[in-house]
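This report refers to the structure that appears directly beneath it.
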Amino acid sequence: MSRRSSSRTAVPPRSSSSSRSQVQGTNDEANLSKRSARDLGYFEDWAIQCFVKKPARRAPLVNRGYFCRVHVLRKALSDVTKDLQNFQVVSLGCGFDTTVFQMICTRELEAKDVTFCEVDYPALVRKKAEIIAGDCELADALERGGFSTRVECGADGDGGAKRGPATPHRRDHVLLGQDLSRVGELGDALIRRCCLDPSLPTIFLSECVLNYVDPAASARLLRWIPSNFDKAVLLLCDYLRPADGFGTTMMRTLGQRGSPLLSVHQFPTCEEIEKRYAEYGWVYCASLTMADAYYLHLGGQRVCDVESKELFDEHEDWHAMCSHYTFTWAASGDDMALLAERALPRCRIALSNGPAPGLLGTGVAGGARLELAVAAHGGVDALGSEAGRWGQGACISGGDLFIFGGFGRGLTGGHQRLNDAAALEWAALGVGGNLGQPTRLFAPESLGKDRKKALRRMFHAVAPADGGFVVFGGRAGPAAGYSDAILFREDGGVLASQGLSCEGEAPSPRWRHTLTRLGGHGDLYLVAGGWNGSESLPDLKVLERCRPVGGGEAWAWRQVRGSLPCGGVFGHTADLVREAEDSWTIALLGGCRRAGELTGDLVMIELRRLPGDGGADFSAEFCIAGGPSPAPRYSHASLVLEGTLVVVGGILPTGEEDRNAYAFDLGSGCWSAVRVRGFPEDHVWCRQHLVAGGSDGRVALVGGGILCFSFGCKMNPLLTLCTLRGGE
């Protein structure tokens, strides 16, 4: 998320026009995003169009993120001030923020004595004053609200804006041009020039600003407020967790834009924020993630309303973004602490499912049976060093690791949905340090335009078949799902695709589902769950390859009696555990039921072929494994190897990625931690596939990545080759 509609107050003001342009550009970019969310009905803000004349359409992820920032901060300000009759508001790094105009419009300030002080870089403050003075709607709103406006820009002058009297007014709106990193000057300006009264209740607002200030100045400012205002409340939104995949991408992008996050390493987690604020003299501090605020404090009806605004399929990206932003409320006096706590109770998302000690968090359970260690990682040589992707399908078939489709650079470069494929000889991977050769690459150049377009998909499911692999489902856009089955076979160095014409009723279009091969002959495949753009799906279907008496082959969809006991899920995994004559056991783990509701259930599916012609062709019975287990998750990876279900990563209810791995002993029914070693700190632990080609202890994680809000993409190397062996 780009920072708020605020300037780079962390950098001392310079006179060059390039500096002013950079500041203005950052402010304009953020306001375009707010205008986009407003135009789509995420929140009310009549005044934003006065500052942003030309509308722009942002991605759904950006719109939802800005809604959350704007809504939570404004609601908190309303909650804190609704019972106050005489108070002050100080907006730190205000940019073109419109809060004062919204509060006038909603009549929240009627019959109250209010000083509303907005602080930012002098050039931007002068520009804001000029816009207000030249816009009849804004000027009239301030007049109707009883506000007089004055501009305080020190020796730099007022930029032509009319300066009001430097005396307190019942409704005073002050625009202060001041660098936030110069805390001494800021304090003097607020009290002497803006006429703030330190004895009055004072609410300080900071939306993605203080992390741009250098750590020493940020600490001085956070100490100065409670030491000078004994009735202060700070309402803050800012960045978190700079070191993981999302965080490193965020840090790099903002640094390249000339707006580095200077203080985020001092406040990397909510717990660290609360600890430091206590040291700075605040008597109360509650720091929550955006996920906590959205899912626990927004209200179910409002969440439903927000999520109905646009087609949305950036589930992992949304959860990751939410875990990298904090809402922090702090207070300097007991009375104000009660108001702050009312606005944001310290209520956090819990990791349910009764995890066994050591199964969660950064620690590893003692005596871990297995260790997952990185042996090599990188892009496939012929694809280039940055050939990562997510949403791909991957499986091992006939001694080759096949990778098809997804989102990434692919053979042609440029991030897009892909229709290409790669085949890597499994036995040769990692031999002599050779990760990517021999590699066979396949691009559908010989196909017609429509067919090539139809193959360009992501979040499909792939399973091995004789001589190649089967693909089912997937999507183009977030409302364009597929329900086709495609057989890929390699012949003479060419990977040919054949759309399967199947008897019976096909599953409805879906993506983020599973396709599990039942047995080693490639005759049966189980489709389970998925997402269709509006709801998760609970159904099961079997795809069968038939062998007619006269030779050849045919394909048919078979009905399954029974649906998943957990309801619809997507982003789950499903692995074959055992097979017998006409019966199979499949382990289905986790998944997302609906927005924000994850499951950690391990569901054992007993699938049986029904005799005769009874309507349904198969029946399914379900048993949920009991006992302590890892936390709920989705977008994880798993496989069954030598009687053990191995699970890697995933997205947790908190929105964080789980950087751990777990093992479920299918004989004893017990979970244990897997020791994880050698992964880079910025490895992305979702949207991966876990594959193994035998019992030699080698496994591979394929793909994985995240869209880091407006900061760009973070993709894993295409392959991370690992060893999975008994722990030390």
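The values are calculated or read from the model by the stated rules, or taken from the named source; none is laboratory data. Computed from a prediction, not measured in an experiment: that's the story for all the values here. Backbone-built Cβ (ideal geometry, glycine too); neighbour counts: all protein chains shown.
Scanning for something within 30 Å of Asp39 (Cα to Cα), modelled with pLDDT under 95, more than 16 Å from the chain's Cα centre (by Cα) and part of a helix (DSSP H, G or I), does region 261-277 turn up at least one residue? Walk me through how you get there before you give the answer.
Looking only at region 261-277, we keep the residues that are within 30 Å of Asp39 (Cα to Cα), and these are 261.
Adding the requirement that they be modelled with pLDDT under 95 leaves 261.
Keeping just the survivors that are more than 16 Å from the chain's Cα centre (by Cα) gives 261.
Remaining after also requiring part of a helix (DSSP H, G or I): none.
Scanning region 261-277 turns up no residue that is within 30 Å of Asp39 (Cα to Cα), modelled with pLDDT under 95, more than 16 Å from the chain's Cα centre (by Cα) and part of a helix (DSSP H, G or I).
Per-residue answers, yes or no, for (1) of a type outside the set (Val, Ile, Thr); (2) surrounded by fewer than 21 Cβ atoms within 10 Å (Cβ to Cβ); (3) closer than 25 Å to Phe711 by Cα:
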residue	(1), (2), (3)
Arg64	yes, no, yes
Ala76	yes, no, no
Val80	no, no, no
Leu84	yes, yes, no
Leu92	yes, no, yes
Asp97	yes, no, yes
Thr106	no, yes, no
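So that you can scan it fast, the table gives a plain yes or no per residue for (1) β-branched (Val, Ile, Thr); (2) in contact with a Gly (Cβ under 8 Å, 6 or more places away or on another chain):
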residue	(1), (2)
Phe229	no, no
Val233	yes, no
Leu236	no, no
Pro242	no, no
Arg257	no, no
Glu271	no, no
Lys275	no, no
Ser287	no, no
Tyr294	no, yes
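Would you kindly identify the strands (runs of 3 or more DSSP E) lying entirely within region 515-598 that contain at least 1 residues that are in contact with a Gly (Cβ under 9 Å, 6 or more places away or on another chain) and not assigned by TED's automatic domain parsing to the domain that holds Gln688?
Numbers: elements: 524-528, 540-546, 554-561, 573-580, 583-594.
Fully inside region 515-598 and qualifying: nothing.
What do you reckon, is Gly562 closer than 20 Å to Ser638 by Cα and in contact with a strand residue (DSSP E or B) (Cβ under 8 Å, 6 or more places away or on another chain)?
Numbers: closer than 20 Å to Ser638 by Cα: no; in contact with a strand residue (DSSP E or B) (Cβ under 8 Å, 6 or more places away or on another chain): yes.
So Gly562 does not fit the description; no.
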**Asked** Checking Glu505 against (1) of a type in the set (D, E, K, R); (2) at pLDDT 85 or above; (3) surrounded by 15 or more Cβ atoms within 10 Å (Cβ to Cβ), which test does it fail?
**Response** (3)
**Item:** Number of the exception - Gly667 against (1) at pLDDT 95 or above; (2) more than 24 Å from Ala376 (Cβ to Cβ)
**Value:** (1)
**Message:** Please verify whether Leu84 is touching a Gly at 6+ places or on another chain (Cβ under 7 Å) and among the hydrophobic types (A, V, I, L, M, F, W, C), treating the condition exactly as stated.
**Reply:** no
**Asked** Has region 129-147 got any residue that is assigned to a loop (DSSP other than H, G, I, E, B), over 38 Å from the mean Cα position of the chain (by Cα) and without any contact (Cβ under 8 Å) to a residue 24 or more places away in the chain?
**Response** no
**Long-range neighbours under 8 Å by Cβ, at least six apart or interchain, first residue free of Cβ contacts under 8 Å to residues at least 60 places away in the same chain within region 694-718, second surrounded by 22 or more Cβ atoms within 10 Å (Cβ to Cβ) and among the aliphatic types (A, V, I, L, M)** = Gly697/Leu724
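Yes or no, residue by residue, for (1) touching a His at 6+ places or on another chain (Cβ under 6 Å); (2) assigned to a strand (DSSP E or B); (3) surrounded by fewer than 20 Cβ atoms within 10 Å (Cβ to Cβ):
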| residue | (1), (2), (3) |
| --- | --- |
| Leu180 | no, no, no |
| Leu196 | no, no, no |
| Ser199 | no, no, yes |
| Ile203 | no, yes, no |
| Ala217 | no, no, no |
| Arg220 | no, no, yes |
| Asp230 | no, no, yes |
| Leu235 | no, yes, no |
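Look through Asn63, Asn31 and report the one residue that is under 13 Å from Glu310 (Cα atoms), in contact (Cβ under 8 Å) with a residue 40 or more places away in the chain and touching a helix residue (DSSP H, G or I) at 6+ places or on another chain (Cβ under 9 Å).
Working: Asn31 fails: under 13 Å from Glu310 (Cα atoms).
None of the other options fit; the residue is Asn63.
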**Asked** Given Gly571, Gly530, which one is touching a helix residue (DSSP H, G or I) at 6+ places or on another chain (Cβ under 9 Å), at positive phi and modelled with pLDDT of 95 or more?
**Response** Gly571
**Message:** All but one of (1) over 34 Å from the mean Cα position of the chain (by Cα); (2) at negative phi; (3) not polar (S, T, N, Q) hold for Gly481; state the number of the condition that does not hold.
**Reply:** (1)
**Prompt:** Yes or no: Cys623 surrounded by fewer than 18 Cβ atoms within 10 Å (Cβ to Cβ) and in a strand (DSSP E or B)?
**Reply:** yes
